[in-house]
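Participant: Quick one: the structure is below, questions incoming.
The values are calculated or read from the model by the stated rules, or taken from the named source; none is laboratory data. Worth saying up front: this structure is predicted, and the values here are computed from it rather than measured. Every residue, glycine among them, receives a Cβ derived from its backbone with ideal geometry; neighbour counts consider all protein chains shown.
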Amino acid sequence: MINPITRIIRHRYLSNKPLSWVAMVTVLSTPVMAQETSADTAVEKISVVGSQIKGAQISEALAMSQLDGDDIEQMGIDSGDELLQLIPENGQNFFNEAGNISGGVNAARGDIGAFNLRNMGTGNTLVLLNGRRMVNAASYQTEEVGGSFVPVNTVNSQTIPVYGIKRVEVLRDGASAIYGADAVAGVVNTVTPDDFEGFNVHLKWTEFEHLPRDDQTLSMQWGQFFNEGRTNVGVTFNYYQRDRVNSQDDPRWSNADLTERLSPDSPWYGNSEFVGDSANSIYAQYDILDRIAAGHSLRQNGLVDASGEFETYPVGDPRCMYEMGNGLCGAADGQGTYRYNMNENRDLTSALERLNLFMNINHSFDNGWEAFTEILAYQSSTNLIRHPTSPVSTSKFIVAADNYYNPLGPCGSANRLPDSLIGADVPCEGLALEIDNYRFSELPRSVDNDGKTFRFLQGLRGSLGDWDWETAVSWSKDRKEDVTHNRVSNILMQEALNDTSAAAYNPFSGGVNSNVERALIDVSRVSESELKTFDVKFSTPYLYELPAGWIGFVTGVEYREESFFDDRDERLDGTIQFVDQDGDTYPYVSDVVNSSPTPDSSGEREVSSLFAELQIPVLENLDVQLALRYEDFSDVGDTTVGKVAFGWRPFEPLLVRGSWSEAFRAPNLVTINEEIVARNQTRTDYVCLYAAENGGDPEQTALECTTSLQRVAQGSDELEPERSDNTSLGIVIEPLEGLALTLDFWSIKKKNTIGLFGEENHTLLDLVYRLEQGLGNCADNAFNQAVNRDAVAADDAVFFENAGICAAGNIRFIDDRYANLDTRTVRGYDLGIYYNVDTEFGKFKLDYNGSFLDKFEQQAGGDAAMLVAAQQNGLLPESYPVAGFADLVGRDGNQDEKHSLRLSWRNGKFGASLAGYRIGDFYQSALTLEDGTRYVIPAMTTVDATFDYHTTIYQAKTRFRLGVKNLTDERAPLAASSFGFFEDAHQDYGRYFYLDVKASF
């Protein structure tokens, strides 16, 4: 597509130049200005993303998508994440609230959205505002890379207003040679107006058909010229309020067990992945700590099983065998636990209030210099309801023998069960009980999240002869304050379970008057991210004249300082330390129930850059862009990358364009500076599994190979930048006036992707070492030292010896460091159709964009390559999965196609639009059956429509717009997830309507 900005440039030249220049412009090779041009000829030089040379003709040859402010208003959106969802080149948003349902305090919560062009992963897209870098969001979370999860961060898409902007530019190509680090998958640049004059008021009300939710938006834009037109001041303000969406608002989400939404004939009917309710509830299982002999009265009377365990249920449950009071009954273990509906009361979307403010001041001096100032402010407040917390299996709570409410408590206790039921063998001092499968469901967790962003930029630009110069300094800060209410302290809860008075915690109350409040705490997380920048650049469109025109050139330097801190709650960061029943303490367990210990973290770096760019008119119909950039990081060394792009017009209707570039992504500050972080995971120990399968215990009656273990991760200062090779080749055809067709093929090959090797991959590597070693010299071989094991039990050793490998004890923890691991390759093509036509029936505009994915592959490197080789040569069993290295096309939201089609019409006072968005199908890998059959989540198409009426009210030009989002009321297809749809790719809110009124003065 001919870039609209370039189209403006070409139009201006065509209207101001003699015919010889007209011919050269038409074939794209026109120099920016002939040296013979008189000084008083005014030419507007406009920058577009992809080149730092103002008015660069090569911009026409860059693969770029553009949405102007009117297009965005017509979409009926209120947030940056909604805009990104409608851009075909953008992938999944992993920073969404519904998808982060189980992330807890370690998730990036609140009003936040992520940039993810090409689905390359969060952090691989550079985000600019008026051509300059934005600060990253203060909060971060993890994404799966390789065999485990690594911290990633992003600019918060919500901080950039979607109203009152001039345009959004999406460069669909690597651009590190132009802009620096992180521009691997591309660049998103938001451009604001610097010459607005007038006053606009914009009101919007949204109602949802299926939900008790309504949204309100108030936006205002004001601008005025002062000082005889030399000064322009513009202000854009936006207020947005959104109601929460709760799991009980729609029957589709109200039950976490999704089984009944499947057909009984489906091969996935009964699949545990669709069963989202929990075995942990207020009705627990209890294990008597003392050994209960076969003749003990509790066993003889049927109150407990052979292991001294019993279950509890609400009275009336068919599994009840005896009553315990307070609406509770009991039964010997083995009847199945009482399951808790996780969707009893939790939010898909938080209640939100948001303020956006953007201000620009531009002033022209008498000498031709111009000062420009930008101020951005953002503030948000959210409240989110989450499911109640549940203790982890590795840290058990003990009901003291003399706990006031212990049903097997001391003689004389008002709550001890009668002797006629428990018999004579329960001692008068009582029996201590270990709690299993419990949930503190008296109160849900409630999360308050407040976000603030501030950005100030001051710049100056001017000209010296044929040279333009520009310099600017900026300071930006993003801050998040996250407080979770109704969490439970391990220390305080164990104290409450040890209490002998009526103030003790009562787990046998069914959640009524349990005294849980004495153990409830608030858990806080305060994070900040800061960015300071300075840049200066010099450019000229006439560096040297070639036969085909003038060479354009720009060079400059940039300097920036990046820093962050993440201040965790004192019960998470080790200030207050809990010691569990096994003696484990910080940094392996925290004092917050079901939250992993997390230390405070901070880091900073300085980055210095030197760059240069050339635009060369090689022939009258061939322009070439050459760019080179050097960046030096204070913490990870330096790197140099280059870029070559061309635009060739063999004849007028056809443009051929292409590029090759190198790009890089610096390790984020978290992966370098993070201290030891322990996470509990349920994983398979493949050394143990190999011994069980090949050493005589295939049913694992003796060995237990899938257990909860700890992964200990920490940052590494040995990380290197990820580097990529990017290529693109495409054509633009303009067969008719107003019609443009584009087709661009692209590929990205990124090496040294930063990740964690992964817990199960580490056990596989340990197995490979043991298989290679055999049974010789076992005592002197450490094998995989990242896997820290207990001493092997004598009874277990025989299974390992029978399998021909050295014996291994249970895993205590796995020490995993961030490292440069793998190669990720993404390849596809983009298709565009753009048509604008004026007729007697009005103006019509059609925009179609389609993005298609051919290849998405992650190839193993380093130790992972050793695992792959061991599996290929038969050393490692084929059934043992080497995680993270596969063809990812169509897997878990990586859809192979995404489409956007918008048709609009305007005729006098009336206007209308129709838009369609389609996300292709993909499969959910966790549901793949043993025979390889995949569970395919079908494609989803939504249609939006608007109708406009324009009039004048009290001299104000007024537009009334009635809009319908999801006109056909499509609901998201079923997936095995918390709310029954694939939250990272789909929304499931159904049809909704809005009234939008805009008045211009």
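Participant: Mind listing just one residue for me: the one in the range 656-683 that is outside any strand (DSSP E or B) and among the hydrophobic types (A, V, I, L, M, F, W, C) and, of those, surrounded by the fewest Cβ atoms within 10 Å (Cβ to Cβ)?
Facilitator: Here the answer is Ile676.
Participant: Can you tell me which condition Glu878 does not meet? The list is (1) crowded, with 17+ Cβ neighbours inside 10 Å; (2) charged (D, E, K, R); (3) in a loop (DSSP other than H, G, I, E, B), and all the others hold.
Facilitator: (1) is the only condition that Glu878 fails.
Participant: Considering each residue of the range 593-636, count those that are among the polar types (S, T, N, Q), part of a loop (DSSP other than H, G, I, E, B), closer than 30 Å to Gln577 by Cβ and touching a strand residue (DSSP E or B) at 6+ places or on another chain (Cβ under 6 Å), and give that number.
Facilitator: Qualifying residue count, the range 593-636: 2.
Yes/no per residue for (1) over 25 Å from Gly164 (Cα atoms); (2) in contact with a Leu (Cβ under 8 Å, 6 or more places away or on another chain):
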site: Lys957; (1), (2): no, no
site: Asp969; (1), (2): yes, no
site: Ala976; (1), (2): yes, yes
site: Asp984; (1), (2): yes, no
site: Asp996; (1), (2): no, yes
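Participant: Looking only at residues in the range 938-966 that are more than 23 Å from Asn93 (Cα to Cα) and among the aliphatic types (A, V, I, L, M), which one is surrounded by the fewest Cβ atoms within 10 Å (Cβ to Cβ)?
Facilitator: If we take residues in the range 938-966 being more than 23 Å from Asn93 (Cα to Cα) and among the aliphatic types (A, V, I, L, M), then Ile953 is surrounded by the fewest Cβ atoms within 10 Å (Cβ to Cβ).
Participant: Identify all residues within the range 726-761 that are assigned to a loop (DSSP other than H, G, I, E, B) and over 21 Å from the mean Cα position of the chain (by Cα); write none if there are none.
Facilitator: Within the range 726-761, Glu737, Gly738 qualify.
Participant: To continue, here is another question. With (1) assigned to a loop (DSSP other than H, G, I, E, B); (2) in contact (Cβ under 8 Å) with a residue 24 or more places away in the chain; (3) among the small types (Gly, Ala, Ser) as the list, and Ser413 as the residue in question, which single condition is left unmet?
Facilitator: Condition not satisfied by Ser413: (2).
Participant: I'd like to verify a number: residues in the range 149-181 that are out of contact with any Lys or Arg (no Cβ under 9 Å at 6 or more places or on another chain), small (Gly, Ala, Ser) and on the phi < 0 side of the Ramachandran plot, how many?
Facilitator: Residues that pass the stated criteria total 1.
Participant: Is it the case, given these coordinates, that Val488 is more than 30 Å from Glu561 (Cβ to Cβ), in contact with a helix residue (DSSP H, G or I) (Cβ under 7 Å, 6 or more places away or on another chain), crowded, with 22+ Cβ neighbours inside 10 Å and among the β-branched types (Val, Ile, Thr)?
Facilitator: yes
Participant: Restricting the range 803-849 to residues that are in contact (Cβ under 8 Å) with a residue 60 or more places away in the chain and of a type in the set (Val, Ile, Thr), which is surrounded by the fewest Cβ atoms within 10 Å (Cβ to Cβ)?
Facilitator: Val837
Participant: Within the range 175-183, identify whether any single residue is touching a strand residue (DSSP E or B) at 6+ places or on another chain (Cβ under 9 Å) and either surrounded by fewer than 21 Cβ atoms within 10 Å (Cβ to Cβ) or of a type in the set (Phe, Trp, Tyr) (or both), and answer yes or no. Explain how you work it out, then say what you get.
Facilitator: Start the filter on the range 175-183 by keeping residues that are touching a strand residue (DSSP E or B) at 6+ places or on another chain (Cβ under 9 Å), which leaves 175-183.
If we keep only those that are either surrounded by fewer than 21 Cβ atoms within 10 Å (Cβ to Cβ) or of a type in the set (Phe, Trp, Tyr) (or both) too, we end up with 179.
Checked the range 175-183: at least one residue is touching a strand residue (DSSP E or B) at 6+ places or on another chain (Cβ under 9 Å) and either surrounded by fewer than 21 Cβ atoms within 10 Å (Cβ to Cβ) or of a type in the set (Phe, Trp, Tyr) (or both).
Participant: Only one of these conditions is not met by Arg934: (1) among the basic types (Lys, Arg); (2) under 30 Å from Asn271 (Cβ atoms); (3) buried (at least 17 other Cβ atoms within 10 Å of the Cβ). Which number is it?
Facilitator: (3)
Participant: Moving on to the next point. Regarding the range 223-232, can at least one residue be identified that is in a strand (DSSP E or B), exposed (fewer than 14 other Cβ atoms within 10 Å of the Cβ), in contact with an Asp or Glu (Cβ under 7 Å, 6 or more places away or on another chain) and touching a residue at least 24 places away in the same chain (Cβ under 8 Å)?
Facilitator: yes
Participant: Within the range 408-426, can you find the residues that are out of contact with any helix residue (DSSP H, G or I) (no Cβ under 8 Å at 6 or more places or on another chain) and within 23 Å of Gln581 (Cα to Cα)?
Facilitator: The answer is Gly409, Pro410.
Participant: Report, by residue number, each residue of the range 933-961 that is assigned to a strand (DSSP E or B), over 24 Å from Met75 (Cβ atoms) and touching a residue at least 60 places away in the same chain (Cβ under 8 Å).
Facilitator: The one that is assigned to a strand (DSSP E or B), over 24 Å from Met75 (Cβ atoms) and touching a residue at least 60 places away in the same chain (Cβ under 8 Å): Tyr935.
Participant: Can you tell me which condition Glu144 does not meet? The list is (1) part of a loop (DSSP other than H, G, I, E, B); (2) within 13 Å of the chain's Cα centre (by Cα); (3) at negative phi, and all the others hold.
Facilitator: (1)
Participant: For Asp215, only one of the following conditions fails: (1) crowded, with 19+ Cβ neighbours inside 10 Å; (2) under 26 Å from the mean Cα position of the chain (by Cα); (3) not in a loop (DSSP other than H, G, I, E, B). What is its number?
Facilitator: The failed condition is (1).
Participant: Quick check on my filter: what residues within the range 547-581 are touching a residue at least 12 places away in the same chain (Cβ under 8 Å), among the charged types (D, E, K, R) and in a loop (DSSP other than H, G, I, E, B)?
Facilitator: Within the range 547-581, Asp569, Arg571, Asp573, Asp580 qualify.
Participant: So, one more: For the range 710-725, indicate whether the set of residues that are closer than 30 Å to Pro617 by Cβ and either at pLDDT 90 or above or basic (Lys, Arg) (or both) is non-empty. Please lay out each step first, then the result.
Facilitator: As a first pass, look at the range 710-725 and keep what is closer than 30 Å to Pro617 by Cβ: 724-725.
Now narrow it down to the ones that are either at pLDDT 90 or above or basic (Lys, Arg) (or both): 724-725.
Yes: one or more hits.
Participant: Could you list, in sequence order, all residues of the range 637-655 that are of a type in the set (Val, Ile, Thr), out of contact with any helix residue (DSSP H, G or I) (no Cβ under 6 Å at 6 or more places or on another chain) and buried (at least 18 other Cβ atoms within 10 Å of the Cβ)?
Facilitator: The one that is of a type in the set (Val, Ile, Thr), out of contact with any helix residue (DSSP H, G or I) (no Cβ under 6 Å at 6 or more places or on another chain) and buried (at least 18 other Cβ atoms within 10 Å of the Cβ): Thr639.
Participant: If you don't mind, another one. Answer yes if at least one residue in the range 195-204 is buried (at least 24 other Cβ atoms within 10 Å of the Cβ), in contact (Cβ under 8 Å) with a residue 24 or more places away in the chain and not hydrophobic (A, V, I, L, M, F, W, C), and no otherwise.
Facilitator: No, there is no match, as no residue in the range 195-204 is buried (at least 24 other Cβ atoms within 10 Å of the Cβ), in contact (Cβ under 8 Å) with a residue 24 or more places away in the chain and not hydrophobic (A, V, I, L, M, F, W, C).
Participant: How many of the residues in the range 261-307 are in contact with a helix residue (DSSP H, G or I) (Cβ under 7 Å, 6 or more places away or on another chain) and on the phi > 0 side of the Ramachandran plot?
Facilitator: Here the count works out to 1.
Participant: Next question. Being over 15 Å from Leu376 (Cα atoms) and surrounded by 15 or more Cβ atoms within 10 Å (Cβ to Cβ) is the filter here; which residues of the range 464-476 pass it?
Facilitator: Those that are over 15 Å from Leu376 (Cα atoms) and surrounded by 15 or more Cβ atoms within 10 Å (Cβ to Cβ): Trp467, Asp468, Trp469, Glu470, Thr471, Ala472.
Participant: Further, regarding this structure: Of the residues in the range 261-301, how many are of a type in the set (Asp, Glu) and either under 20 Å from Arg346 (Cβ atoms) or within 32 Å of the chain's Cα centre (by Cα) (or both)?
Facilitator: Summing the residues that are of a type in the set (Asp, Glu) and either under 20 Å from Arg346 (Cβ atoms) or within 32 Å of the chain's Cα centre (by Cα) (or both) in the range 261-301 gives 2.
Participant: While we're here: Tell me whether the range 328-341 contains one or more residues that are basic (Lys, Arg), closer than 23 Å to Arg416 by Cβ and touching a residue at least 12 places away in the same chain (Cβ under 8 Å).
Facilitator: The answer is no, given that none of the residues of the range 328-341 is basic (Lys, Arg), closer than 23 Å to Arg416 by Cβ and touching a residue at least 12 places away in the same chain (Cβ under 8 Å).
Participant: Out of the residues in the range 374-393 that are polar (S, T, N, Q) and surrounded by 16 or more Cβ atoms within 10 Å (Cβ to Cβ), which is nearest to Gly465 (Cα to Cα)?
Facilitator: Gln379
Participant: Now, a different point. Please indicate, with yes or no, whether at least one residue in the range 455-462 is charged (D, E, K, R), in a strand (DSSP E or B) and in contact (Cβ under 8 Å) with a residue 60 or more places away in the chain.
Facilitator: Within the range 455-462, one or more residues are charged (D, E, K, R), in a strand (DSSP E or B) and in contact (Cβ under 8 Å) with a residue 60 or more places away in the chain.
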